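First the structure, in the form of structure tokens, and then the observations on it.
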Amino acid sequence: MEANLVALLKSIPWFIELGQHQLETLASLAHERYLAPGEVLFQEGDQPDFLYLVLDGRASVEISVPGHGSVRILQAEPLDILGWSVLTPVVRQRTTTVRALTPMRLLALEGKALQQQCEMDPHLGYVITRRLANVVASQLLVTRLHLMEILMNSSREAVG
């Protein structure tokens, strides 16, 4: 099974800069996970455990906004990363809820073990960190735009 995971990792652009040994290391930390439509991958407040890469399907990434309930801030598509906070030293719980919109296939990487490998292998750590920085920056921008939209709609409702 691990050989199949190595082949899968080789096919993902996210890991193109990694060597065979690094791909084998990642494969040893990984497994595939499947979700049915409506199934929750994790919820806001859960303890982080895995980093997920969407292989197939789509998911709704939601946050709880006081006075507005659950708000979708992102629609995750193939090759999107979910659960990146598992690799941050400060975040101790999930900050979003992820719900499958369609049947999904994900690659799950064990967070603590991945973090340890990144510390032991600086090149691996650099590649993963650089990729995550892009994910975090784009998700923050999308979240900011959604929250601005919510605030604008709320002020219109208060006036109108």
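Just name the residue that is modelled with the lowest pLDDT out of those in the range 45-97 that are in contact with a Phe, Trp or Tyr (Cβ under 6 Å, 6 or more places away or on another chain) and either closer than 13 Å to Gln139 by Cβ or hydroxyl-bearing (Ser, Thr, Tyr) (or both). It comes out as Gly83.
Of the set (1) touching a helix residue (DSSP H, G or I) at 6+ places or on another chain (Cβ under 8 Å); (2) among the aliphatic types (A, V, I, L, M); (3) at pLDDT 90 or above, all apply to Val135 but (3). When the residues of the range 53-95 are filtered to those that are part of a loop (DSSP other than H, G, I, E, B) and of a type in the set (A, V, I, L, M), the one that is nearest to Ser11 (Cα to Cα) is Leu79. Out of curiosity, is Gln116 closer than 19 Å to Phe50 by Cβ, at pLDDT 90 or above and surrounded by fewer than 20 Cβ atoms within 10 Å (Cβ to Cβ)? Taking the combined requirement at face value, the residue satisfies it. Kindly check whether there is at least one residue in the range 142-153 that is in contact (Cβ under 8 Å) with a residue 12 or more places away in the chain, of a type outside the set (Val, Ile, Thr), surrounded by 17 or more Cβ atoms within 10 Å (Cβ to Cβ) and at negative phi. Among the residues of the range 142-153, not one is in contact (Cβ under 8 Å) with a residue 12 or more places away in the chain, of a type outside the set (Val, Ile, Thr), surrounded by 17 or more Cβ atoms within 10 Å (Cβ to Cβ) and at negative phi, which makes the answer no. Take Ala59 and decide whether it is closer than 15 Å to Leu109 by Cα and either within 14 Å of the chain's Cα centre (by Cα) or not basic (Lys, Arg) (or both). No, not satisfied. In the range 1-17, the residue that is nearest to Ile81 (Cα to Cα) out of those that are within 20 Å of the chain's Cα centre (by Cα) and exposed (fewer than 13 other Cβ atoms within 10 Å of the Cβ) is Pro13.
The values are calculated or read from the model by the stated rules, or taken from the named source; none is laboratory data. Keep in mind the model is a prediction, meaning the values are calculated, not measured. Quick reminder, even Gly has a Cβ in these numbers, built from the backbone with ideal geometry, and neighbours come from all protein chains shown.
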